[in-house]
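The structure appears right after this line, and notes come after that.
The values are calculated or read from the model by the stated rules, or taken from the named source; none is laboratory data. Since we're looking at a predicted model, the values are computed, not measured. Virtual Cβ from ideal backbone geometry, glycine too; neighbours counted across all protein chains shown. For the accessible areas, the whole protein counts, side chains as well, though only heavy atoms, and no ligand, DNA or RNA atoms are used. Shrake-Rupley method; radii C 1.70, N 1.55, O 1.52, S 1.80 Å.
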Amino acid sequence: MPLTRHCWKCGTEYTLAGQPGRLESCPACGSDLKVCLNCVSYDARVAHQCRDRRADPVAEKHMANYCEYFELARREYAAPATEASREAKARNTLKKLLGD
């Protein structure tokens, strides 16, 4: 699967040249595009979930912000795990444990 620039929420590809503006939203789901979750510096394992030390901390990672170091990431879209799949996995594990 090729690396694309896409919406963090639904995976719709962002095809315009340049970076999205603060008020730009996804045409499919309406979520903001200039968010920490779409940035190349976003990393859940580091302080403030940002590898760029110059950036100010942002509390709402899924909402548009004024970060001047934002760069839209190129990556493969992986759909977020749903609660139903977590529940099904837990049920299957329990069935295996109990011998059903």
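The table that follows gives values for the structure above.
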read-out	value
Some residue of segment 49-60 being touching a residue at least 40 places away in the same chain (Cβ under 8 Å) and assigned to a loop (DSSP other than H, G, I, E, B)	no
Test for TYR66: is it at negative phi, loosely packed, with under 10 Cβ neighbours inside 10 Å and in contact (Cβ under 8 Å) with a residue 24 or more places away in the chain	yes
Matching option when the condition is farther than 24 Å from THR4 by Cβ and surrounded by 10 or more Cβ atoms within 10 Å (Cβ to Cβ), among LYS89, LYS96, LYS61	LYS89
Cβ-Cβ under 8 Å pairs, at least 6 apart or on other chains, segment 1-23 side in a strand (DSSP E or B), far side acidic (Asp, Glu)	THR4/GLU13; THR4/GLU76; HIS6/GLU13
All positions within segment 69-85 that are part of a helix (DSSP H, G or I) and either at pLDDT 80 or above or open to solvent by less than 90 Å² (accessible area, probe 1.4 Å) (or both)	ALA84, SER85
Matching residues in segment 11-37 - criterion: being farther than 13 Å from MET63 by Cα, surrounded by 15 or more Cβ atoms within 10 Å (Cβ to Cβ) and among the β-branched types (Val, Ile, Thr)	THR12
Segment 10-64, residues that are among the basic types (Lys, Arg) and in contact with a helix residue (DSSP H, G or I) (Cβ under 8 Å, 6 or more places away or on another chain)	LYS61
